[in-house]
Structures are given as C-alpha cells and as structure tokens.
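Asks: Dropping a structure here in structure tokens format, bear with me for questions.
The values are calculated or read from the model by the stated rules, or taken from the named source; none is laboratory data. Given the structure is predicted, the values throughout are model-derived calculations rather than measurements. Using ideal geometry, Cβ is built from the backbone for each residue, glycine included, and neighbour counts are taken over all protein chains shown. Remember, those area values only see protein heavy atoms, side chains included, never the ligands or the DNA or RNA. Shrake-Rupley method; radii C 1.70, N 1.55, O 1.52, S 1.80 Å.
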Amino acid sequence: MESQQEDPFHIVTPLKESRALSKAAGTHVLMKLENIQPMGSFKIRGIGHYCQKLAMKGCTRFVCSSGGNAGLAAAYACEKLGLPATIIVPECTGRDIVCKLQDRGAAVQQTGKVWDDADAHALRLAQAPGSVYIPPFNHPLVWEGHASLVSELKASLGSQEPGAFVVAVGGGGLLAGLVSGMTQVGWADVPIIAMETRGAHCLNAALQAGGPVTLPDITSIAKCLGAKTVCDRALECARDRRVISVVVDDRDALRAVERFLDDEFMLVEISCGAALAAVYSGHIQRLQEEGSLPLLLGPLVIIVCGGSAISLSQLRDFKSQLGMD
Ligand code: PLV
C-alpha cells in the first residue's frame, strides 16, 4: 500500500549555543530556535501536523481560534493544503497579524476581548457542515506535532541529556508536546521550567489551587500566553513530572526581549520573553540556590518559541504602556 505520509510543514531548527545567555544563567545554555519556523513560531509543528492528518481524513474547511501564532500556522498549513481557513482572533490582535493572515489566503474574524472569547465563536462556526475546528493547543495531534522538537534535540545531543528545559506556557500545548517527546526519547526525568507572565498565569494558578482554575481576565500584555484556563493534559504533566512553575511580570518579559535582541540579534514576542526571563531575571540561579533545580550537569535548553506579534514600534508601545520609557 502506498504510504500517505507527507513531508511536514515545519523545518528542523538549529540548536545554538548562546554565550550571553550562558553568562547570564551561570550555566551552559542552548537555544532551540523555533522563532525561525515558517510564520515565526513553534506552532507550525503541532498545527501543521493536525491539519495534515485531518486533510488526509477528508476535511475540507478549517476554523481556528488563536491569539495570533496558531492562526498564522493554520493559515500557512491550509494554504499549503489548498484548503480554506477561517481564523478567529480577539479584538486586541494587531493589524499586521490580520494582514499576514489574509496574505496567506485566510478569512479573518476579530471578536471578543481575549482568546477564550474568540475560541467560543470559532467552536460555533466549526459546527457548520464540512467545517473542522483547529485547537490552538488542546489536542493530542497538536502535542504529537510539537514533540518533533524533542526528537530533533535528541538527534543533536545524542547521549548527552539536557540539564533542564525552559518553556513558555499559554494554554499548555507546547508543554504537553515537550513532555510527550521527552517520554519518547527517555528524558522523562529532566526538569522543565514552565514560564508564564502574571495576568496570564493559568498553569501557576491551577497548581496553587490544586485543580483547574479559570482566570477572571487576561491582564498581561503577552496575549499569546492568554488562555484563561490551562488544558488538562498540561496540568497533568505539571503534576506528574518535574515541572517548576515560575511567573514573571510583563516588565521582566519585555526586558528579556530587549536583552535578547541585543545579545542574539533576534526580535521575539513578549510571550517568548517570558521564557527568556528565566535566565535574564535570575530564576535559574535562584532555583538552584533554593535546591528546586539541581546544579545542572547538562545544558539548559531554552525553547525560543518566537511569535509574530512584535515589531520595534510595538515594543515602544508596550514600554510606554508599562511606564518603562
Ligand atoms: N499561542 C496560542 C494561544 O494563544 C496562539 O493562538 O497563538 N509562545 C508563543 C509565541 C505562542 O504563540 C504561544 C501560544 C505560546 C508560547 C504558548 O503555547 P501553548 O498555548 O501551547 O502553551 C492564547
């Protein structure tokens, strides 16, 4: 029988050492550069995989809710598949993202204050006959796609085990995919530092409460981390594995974006700044001093998740919004 396996839409990304981040962390830091994926974030791994699988099953029309990046990945995947896509984003989504989505042939609707509102609308639209909903983070196929990131790391690192991972958490799809990939390659015990911004800290709130929590609102500027409720699978991962939840404020995430631009000449979204702040705001050393994180034997691997909702002018706007100018 002929294989139906198609080439994936994501690329194999570099794993690059960062001297500046290593100095700041006091430990060897490797960056997994997901910011150079098609459409600028890791999302294409999971969303691309999901769309390919569903297209193979005969789906012909997709509806995706998104804070921005999942939608961009969905629009890209659907363009490749030659299938129509409708992307629902909240009203706070910038004009440039909407234009990028339209440029990929997607129909765009803006509705609601935050992603959860846009998602409710997408779920309603996807009930139309022939339409299929694309979940931005909460689906096993999305996690399976994200897990490809770990197989690449395994191929690069071989028998060297990472000392720890750093990852940003929104709805928790990246965390769930990372954990599933780690299990597959035998790295189940490697600690994961799960980074969120205050005001988008749904995982941290759930862990504190000992069960699922829905935040009353998203007050962080990191709108792509802005799911009010973390997905069950991510919460399960955080409980069962060595996951350390850390919350930074928007200013730390923004400062991290600026330092990363100076250090590595790459501009990433505030969501990604949350992950970088693990290093730049001294959390790695703090966790080591507290004994929550061992003195790392292997490298600290930061998933540079990327994100398109950023530009120099947006960075300036965020700074003035946060009173940092
Ligand atoms: N963003 C999703 C969910 O938003 C979206 O629709 O684009 N880093 C970046 C750059 C992201 O765009 C996201 C998710 C994350 C990190 C967090 O990934 P997650 O949701 O899988 O934990 C509301």
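Asks: Hey, how many Å between the Cα centroid of segment 255-325 and the Cα centroid of segment 93-137?
Replies: 28 Å
Asks: With the contact rule set at Cα under 8 Å and sequence spacing of 6 or more, what percent relative contact order holds for the chain? Could the numbers behind the result be given before it?
Replies: Values: 711 pairs, mean separation 64.2, N = 325.
Value for the chain: 20 percent.
Asks: With the contact rule set at Cα under 8 Å and sequence spacing of 6 or more, what percent relative contact order holds for segment 44-137?
Replies: 35 percent
Asks: Can you give the accessible area per residue of the chain, in Å², using a 1.4 Å probe?
Replies: 40 Å²
Asks: When all protein chains stay in place, what accessible area (Å², nearest 10, 1.4 Å probe) is found for Trp143?
Replies: 40 Å²
Asks: Shape of segment 123-204 from its Cα gyration tensor (a ≥ b ≥ c, root eigenvalues): rounded if a/c is under 1.5, otherwise prolate when a/b > b/c, or oblate? Can you show the working numbers first?
Replies: Working: a/c = 3.67, a/b = 1.59, b/c = 2.30.
Oblate, since a/c reaches 1.5 and b/c is not below a/b.
Asks: Place a point 7 Å from the Cα of Asp263 along the Cα-to-Cβ direction; which residues of segment 11-52 have their backbone N under 15 Å from it?
Replies: Residues passing the 15 Å test: 16-33.
Asks: State whether segment 254-294 is rounded, prolate or oblate according to the following rule on the C-alpha gyration tensor (a ≥ b ≥ c being the square roots of its eigenvalues): a/c under 1.5 gives rounded; otherwise a/b larger than b/c gives prolate, and the remaining case gives oblate.
Replies: The shape class here is prolate.
Asks: Could you give the Stokes-Einstein D for segment 44-137 in µm² per second, using the C-alpha Kirkwood radius, 25 °C, 0.890 mPa s?
Replies: 195 µm²/s
Asks: Considering only the other residues whose Cβ falls under 10 Å of the Cβ of Leu293, what net charge follows from Lys and Arg at +1 and Asp and Glu at -1?
Replies: Neighbourhood net charge equals 0.
Asks: Which value results when the Cα radius of gyration for the chain is divided by 2.2 N^0.38 Å?
Replies: Relative to the rule-of-thumb radius for its length, the chain sits at 0.93.
Asks: Tally up the carbon and sulfur contribution to the accessible surface of the chain as a whole percent, 1.4 Å probe, everything protein left in place. The partial results should precede the final answer.
Replies: Working: 6430 of 13090 Å².
Carbon with sulfur: 49 percent of the solvent-accessible area.
Asks: Per DSSP H run of n ≥ 4, the term is -39500 (n - 2.57); total these for the chain, divide by its residue number, and report the mean residue ellipticity at 222 nm rounded to 500 deg cm²/dmol.
Replies: That calculation yields -13500 deg cm²/dmol at 222 nm.
Asks: If you add up the charges near Ile218, with Lys and Arg at +1 and Asp and Glu at -1, over every other residue whose beta carbon is less than 9 angstrom from its beta carbon, what do you get?
Replies: Its environment carries a net charge of +1.
Asks: When the label point is put 7 Å from the Cα of Thr183 along its Cα-to-beta-carbon vector, which residues of segment 220-260 have a backbone N closer than 12 Å?
Replies: Answer for this model: 233-234, 236-238, 240-241.
Asks: With every protein chain present, what accessible area does Cys231 have (1.4 Å probe, heavy atoms only), rounded to the nearest 10 Å²?
Replies: 10 Å²
Asks: Further question on the same structure: Report the net charge of residues surrounding Gly67, where surrounding means a beta-carbon distance below 11 angstrom and charges are Lys +1, Arg +1, Asp -1, Glu -1.
Replies: -1
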